[in-house]
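**Student:** Handing you a structure now.
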Amino acid sequence: MTRVRNAFPAVRVFVFGQEVTKDVRSVTITLSDNARAPGTCEFVLASRGDRYVVTEDDIRLLNPEVESEHPEVLVVNRVLEPARDELVGPPVPPSIELSDLAAQSLVELSERRTDLTVVEQTELRQQLEAAFLDANPEVRVARATEALAQQNLEYVMRTQEAADSLDAIARENVELRVRDDVKRAILLAKIGWRVPVSQPAPGRTDKVSPEDMAHLRGEAYRFPFQVGDMIFSSNDPVRVFLRDPLKPAVWYYGFTGFVSGGGERNDANNQQLVTVRCEDVLRILRYARFTTNAGIFDIKALKQAQDAVVRTFYEDDFSKLNLLEFVFTMLFGSEAAAIPAELLKTTGGQAFPAIDASQLRVGVHASTEARVLNSTGAGAFDFARSAVCLYGNGEPPSNVRRSLDRINVVRLGQSASALGTYLAMVDHRVRSSDLETMFPTDLAAAGETPTLASALSKDALGEPQIEEVITAIGGHPERYPVDAGRLFVLAPVALGPDGEAATRSILAGDYTSVETRTTWRTRLARLYDILERAEFSFHASPRGDLLAEMPLWDFDPDDFSDTEITAGGTGAGTEPGGSSVSMDALRSWVPETRGPFGPHYRLARGDTLGWDRNLNDEQVRTQFVASWFPIAGYTKLGTGISVAGQTPAHVELLALIPAFGIRQETAEPTVYLSSPEAALYYCEVKLRQWNANARTSNLEMLPNLQLVPNRPLLQVERWRVMTVRRVIHSLVWGMGGTMTTRVDVNSERAWSGRTRPDGRRWYEAIGGSPSNPLDYGLLWSSR
Amino acid sequence: MVLAAQLQNLVEIGSFPGAGTGTRADIVFTSSLRTRLDLTRLPESMKGWDNSRLPAAFVARLPKRLTRSVTMGLNAKTVEFQQPKRFSKVDTRDGSVFFHFTDDLGRNEDVLTVAFKGNTGDISLVGDDPAVIRANLARLVAWHQLWYLTREPQVLPDGKENVSTISYVSKTMPVVVELRGFFNRALTFPEEGQKPSSLDYSFEFTVQETFPPLDDLVDILSETLDAQALNQQPIAPAAVVLGSGIEPGGPR
């Protein structure tokens, strides 16, 4: 009998802290790790009655001066607060003492003439005063300056009063006359936030000199609106939550990020659909060079940092950092990552800019002042909760060990539950413990308390209702900021060179060859430049964490544990500050039992909607060649540098030659290959990787919300393991709607009949057993 | 609960609306436009209703004799309540999955629609008896009022919606339930040669809200039953019978 199941999809969407779930018609979330760009989310809202669009009426309500008798005056007063020097020239300290003294002496002089009437005394005093001023022009100037200063002060006060008054009217207008609850809440939250500006006066059409522009300073709206705009602005925080349709009690973070754009569609039937497009938290790195969060509210801080943002050019920066130090520095800045100063010297001779900035987090319900950010980092990611997870047994090489006393390190070991423990740490299922573990440490340090799980309604098991946890987190971006996630690095323990181990030298701590002599290279581009050299995957989790992971090509779902993970029983330890193993610290990442994760990575026939699979013969190679280089920094010297008589390393796949012939590929490694052995291992890995990618595939399945990039996926129906590169969750709501997950994969390994001693299948790249497995460990000689 | 008390009272006096007594239960149709037209037509001297007044230019384009409501006897042939479920079927490689799109309560009901089918009764204006012709004309006018009601503007000049309301009562809903929403199509009717004196008609109404909520009916009726048990009084049979379409009726 056909297997029939019921599924109960659900989604909750929050923008700027405002829940818009009831208007959501569809959601599409795309998570990818090889696009060199942030993950995206797009959702469509039914905008009944212009709910999500600013109309002409709204603009009139927000700008009461439009209805004024003298709108031009009020607009100038409101937007621009002309500096005093524009009215009276350069400020001159008023000589009040001199003026008072002169007036006093004149009065005394006139009063001595007792024979005069009061009127005559007054006339005489005026004459004397005029004569005095003629004789003392500096007093006249001082008095005029005083008068003008007073006039200006009054003007400024009037201006401020007018602006405040207009804001108050606008607020009252919105409260009373915007009938839609959602629009009213958003507009009220955004009225009144202003940022300083420097710009020509409105309406001025003649050419403006730089001096004029410098004199015209004032305040503009932080959230400027025009007719037809969405009520949501770029960089408004977004959280999307998805319910597991087949397990309705389980909710997942579907997406965490920022609004990046949108549009509206109005059809012939007067239906209005508003599409909101978002980018995940990698967006911060996409627009950050050496500045703070792209969505930072405090424009003053951004302005102060301007010099560092656009004018500081680095050359060969970070050239002495290892991979871990580099990633942490890009996220948290050298100070937070505690990078020794001697490692930070750049060949350009410039030091890091050290600019501190505070951040104001705003949502529809409230705002909070965040800590002072170290702006050599990006965003407000939480260093204290971030960690490096080392996979494998043994000791890391020396230049990696030096980082371990500054960064939280979890030694996963190589047990059956090792990778499961890592997944438990980065899990993106919604838990009540998130209320505490996602509450920013800076707010906690400032005395703020997280939303208490005990205050929420409980379910039948006495656990807080997950939907209320979602409301608390999604509805309060000021308390649970989208950019306050964690950084996790999953790396092999053998990361980096250690002198005698030549095979490890293929990835030196030397990054001098990475192109950094650019006028504008974003942090995201730099991170990809570095991480791609090590074949690492870099992406943001749906929860808002950043994950820099070694490639998991050569792992099977079995390696991710088919049993639940608990902090005390995993065998994993943590080394905060390089001290001894502390299970308590691991519990801060895994406060409750999580998993199992392995079953999510096995795709059963009954969960599959369909798939495509193709072999691209042209992609197959049977021979790979790579040169090695005696000198680091070869890209500057040119790849022609080689040792006299050097024979490039090369590998062949003899078993494939009868089928495909000789097909040679010459590697152009972006890594520094320091020895023939290193080049040989590099060839081995790249040849397998190249051939594994000759098969391309995509699969459509029932919603699998645990899937993120860089995870193995076993299609049981075909006995093949692939690595997930892109995940697309899509939900179309309502009658006729559906919810599916679509994945693009690469690095396919199939089963060619061999089994391991324990009976499990071997999965191998194209060509089967003669072709050797695609083994990332070869790069590090760690497996 | 007021409605339960109201129902209890009806039970005690043995008089459901139209319940088996030969009288017909009236179903009343109206709209916020018609309610506001009434207010608009109040004398200028009556202040306090200005917010509800409609612009004169708009009112001038409407029929001048629109009634505040249209009343219909319960001899419509059928009144059919329909509420489909929101779900879709997705076939997998091995089986099928039904996706249920649920609300906050976990229910997957789609929007309720109520379809009315009826007959006007005698609307012939040909005959010798002026009283009959007058009665038929009145019936025809009522029918036209209903037709216009199904064609009223959906939104009014001040941006407020024109919400249509049906005050519904039947054997299943022995207390008046207000169905608020809109007519999802104008009156449908054929002019048939075989029915020279009457007209079959139908229309459908999309319900966006009810008062009391339909979910409360269980409680209302149960409380009434409990009260009955205490009073030891027999419950009058709720014998509202939909008309066969033979007896004259329709909107009036």
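**Student:** Given points 7 Å out from each Cα along the Cα-Cβ axis, report the residue B:218 to residue A:118 separation in nanometres with one decimal.
**Tutor:** 9.3 nm
**Student:** Additional query: Volume per residue, Å³, of the convex hull around the alpha-carbon atoms of the stretch B:121-236?
**Tutor:** 181 Å³
**Student:** As a quick test, which of the pairs B:117/B:160; A:22/A:183; A:247/B:89; A:458/B:89; A:247/B:85; A:183/A:458 have an alpha carbon distance above 22 angstrom in this structure?
**Tutor:** Over 22 Å apart, Cα to Cα: B:117/B:160; A:458/B:89; A:183/A:458.
**Student:** Right, next: Would you mind computing the Rg to Rh ratio of the stretch B:64-205 from its alpha-carbon coordinates, Kirkwood style for Rh?
**Tutor:** With Rh from the inverse mean 1/r over Cα pairs, Rg/Rh is 1.11.
**Student:** By how many nm would the segment from residue A:154 to residue A:55 lengthen if fully extended, with 0.36 nm per residue of separation less the alpha-carbon distance?
**Tutor:** 32.1 nm
**Student:** A follow-up question, please. Based solely on C-alpha atoms, express the radius of gyration and the Dmax of the stretch B:106-178 in angstrom.
**Tutor:** Just the Cα atoms of the stretch B:106-178 yield Rg and Dmax of 17.8, 62 Å.
**Student:** Taking every pair of alpha-carbon atoms in the stretch A:673-775, give the share separated by more than 25 Å as a whole percent.
**Tutor:** Cα-Cα pairs of the stretch A:673-775 separated by over 25 Å account for 35 percent.
**Student:** More than 15 angstrom separation, counting every C-alpha pair in the stretch A:17-57; what % is that?
**Tutor:** Percent of Cα pairs beyond 15 Å in the stretch A:17-57: 58.
**Student:** Fewest Cβ neighbours within 10 Å first, please rank A:539, A:365, A:428 accordingly.
**Tutor:** A:365, A:428, A:539
**Student:** Computed FRET efficiency, Cβ-Cβ of residue A:384 and residue A:619, R0 51 Å: what is it to the nearest 0.05?
**Tutor:** That pair, residue A:384 with residue A:619, gives E of 0.70.
**Student:** Which value in nm describes the separation of the simple spin-label points at residue B:53 and residue A:398, placed 7 Å from the Cα toward the beta carbon?
**Tutor:** The answer from the label model is 9.4 nm.
We did not get these values from a lab; they are worked out from the coordinates using the rules stated. Values in this document were obtained by computation on a predicted structure and should not be read as measured data. Cβ atoms come from the backbone with ideal geometry, glycine included; neighbour counts cover every protein chain shown.
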